[in-house]
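**Q** Just dropping this structure here.
Every number here is computed from the coordinates shown, using simple stated rules; none is lab data. No experiment lies behind these values; they were computed from the predicted model shown. All Cβ positions, even for glycine, are placed from backbone atoms using ideal geometry, and neighbour counts span all protein chains on display.
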Amino acid sequence: MKKFVFLLILSILVGCSQSPTINLRTRTFGKNPKNVFWIQIPGFEFEHIAMLRFSLADSRKPLAIEDVECVGSAWSYNLYDIRTNAVDSTLAQITGSQDIQNACGGKDRFPVWQYYRSLGYQTLALEAGIDNKSSLLNSSACNGNTFLEGLTLLEMTKAPSKKDENKFFHYQSQKNLDLGSVHFDQTCQGNSGGCFASLSSNVQAMLEAANAAPKGTFFLIRELNYLKYLKNGEIKKAREVLSEVNKTISLLKELENSDQNLILVTGAETQSLRLPARGKEWSDFEKQGRNVKLERSRLVSPVLAKGPSAENFCGVYEESKVLLRHFWRQDESGYSLDKIIELMK
C-alpha cells in the first residue's frame with residue numbers, strides 16, 4: 001500500500017514538473033507578440049524548400065524558413081471558386097472573408113492591420129512584384145475608402161505618375177517614414193523597370209526608419225514575384241526570390257528580443273512542382289533551373305509560424321480563418337477578435 005501511495009505521489013510530481021513543448025521546444029502558450037511579421041508568398045509550397053536545401057554544403061542544417069514551431073495547411077477556396085487565385089487568397093487571409101469581390105473582402109470587413117492598430121501597434125506593409133490588380137492600392141476603395149487607413153504602404157514598383165505629391169523611400173538613405181502614407185521605392189524608378197534594392201534590405205531599412213511604437217509593430221510583407229517566375233518557368237529567378245525570403249526571415253530572427261516576435265509565412269495559389277529525381281537531371285536543375293514541371297495549383301496552401309501565439313496556426317483550416325488565429329487566446333486576459341471589434345466601434 002505504501003509503495004502504491006509513493007508511486008502515485010511521484011507520478012503527480014513528475015506530471016506537474018513537466019513543461020509544455022511544441023516542436024521539441026519548451027514554450028509558454030497564449031502569449032501576445034511584441035511585433036508581428038507576416039510574409040505572404042503566393043506560389044510557395046513546403047517542398048519548394050528543396051530548391052535551397054539541397055544546394056547547401058550541409059543539407060542537414062535547417063534553413064531560417066524551416067526553423068518554425070508550427071505548421072498548418074489552409075484550404076484555398078471561397079464562395080465563388082474551388083481554387084482561388086493569389087489576389088483573392090491573400091485578401092481572404094487579410095480580411096477573414098470568403099466573400100471576395102472587386103478586391104474587397106466582404107461588407108464591413110476590416111483588414112488585419114486595423115485590428116492591430118486598434119491595439120496600439122504601428123502598421124506597415126511592403127509589396128514586391130505587384131501590379132495594378134494585385135497591389136493593396138487596388139483595395140483602397142473598400143469599406144468607404146478606409147481599407148488602407150493608418151497603414152504605411154511601401155511599394156517596390158514604379159510610381160504611377162510623376163506627381164509632386166508622390167512619396168519615396170530608399171534603403172540606403174531613409175531617415176524616417178511619413179507614417180500612414182503610400183511610399184514608392186526610389187530604386188524602382190529607372191527606365192529598366194526593375195528595383196536595385198532587395199526585399200531584405202528594404203525590410204531592414206524600413207524597420208529602422210519607422211518610429212518604434214510602445215506597443216509594437218505589425219509588418220505585412222507581400223512577395224508576388226515568386227508566383228510570376230514559377231508560372232513563366234523561370235525557376236532560377238524563383239529560387240533567388242525564395243532565397244531572399246529566407247534571408248529576410250533570418251534577419252527578422254536576429255532582431256533584438258526576437259523571441260517576443262511572431263513570424264508568420266503563408267502561401268496562396270500554391271504551385272505544385274514536379275522536381276527531378278537525381279543525377280544529371282538534378283544537376284541541370286541546380287545549375288540552370290531545368291527539368292521542373294509545373295502542375296495545377298494546390299487546393300491547400302502552407303502556413304508556417306514561429307514565436308508567441310505560433311501554436312494558433314497549427315492544423316488544417318480555411319484560409320479565411322487565418323485572421324482569427326492572429327487574435328485567439330484561451331484566457332480572458334489576452335486578445336480576442338470580439339474584444340477588438342468592440343474597441344473599434
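**Q** Please quote Rg/Rh for region 35-344 to two decimal places, taking the Kirkwood radius as Rh and restricting both calculations to Cα atoms.
**A** Answer for region 35-344: 0.95.
**Q** Also, I was wondering about something else. Once you list every other residue whose beta carbon is under 9 Å from the beta carbon of Cys188, what net charge do they have if Lys and Arg are +1 and Asp and Glu are -1?
**A** Within the 9 Å Cβ shell, the charges total -1.
**Q** Rank the residues Tyr80, Tyr115, Tyr317 as a footprinting-exposure proxy: fewest other Cβ atoms within 10 Å of their Cβ go first.
**A** Tyr80, Tyr317, Tyr115
**Q** I've got another one for you. At 0.36 nm per residue, minus the direct Cα-Cα distance, what do Glu281 and Ser243 gain on full extension? Give it in nm, one decimal, please.
**A** 11.5 nm
**Q** Divide, for region 82-127, the radius of gyration over alpha carbons by 2.2 N^0.38 Å, where N is the residue count.
**A** 1.22
**Q** Ranked by Cβ crowding within 10 angstrom, fewest neighbours first, how are Arg298, Arg109 ordered?
**A** Exposure proxy ranking, most exposed first: Arg298, Arg109.
**Q** May I ask which of Lys31/Lys133; Lys215/Lys306; Lys133/Lys162; Lys133/Lys167; Lys163/Lys306 have a Cα-Cα span longer than 30 Å here?
**A** Lys31/Lys133; Lys163/Lys306
**Q** Arrange the following residues from fewest to most other Cβ atoms within 10 Å of their Cβ: Cys188, Cys142.
**A** Ranked by crowding around the Cβ, least crowded first: Cys188, Cys142.
**Q** From the cross-link list Lys61/Lys247; Lys228/Lys280; Lys34/Lys253, which pairs have alpha carbons spaced over 21 Å apart?
**A** Lys228/Lys280
**Q** List the pair-distance distribution P(r) of region 151-225, using every Cα-Cα distance, as the percent of pairs falling in each 5 Å bin from 0 up to the bin containing the longest distance, rounded to whole percents.
**A** For region 151-225, the pair-distance distribution reads 3, 15, 27, 27, 17, 8, 2, 1, 0.
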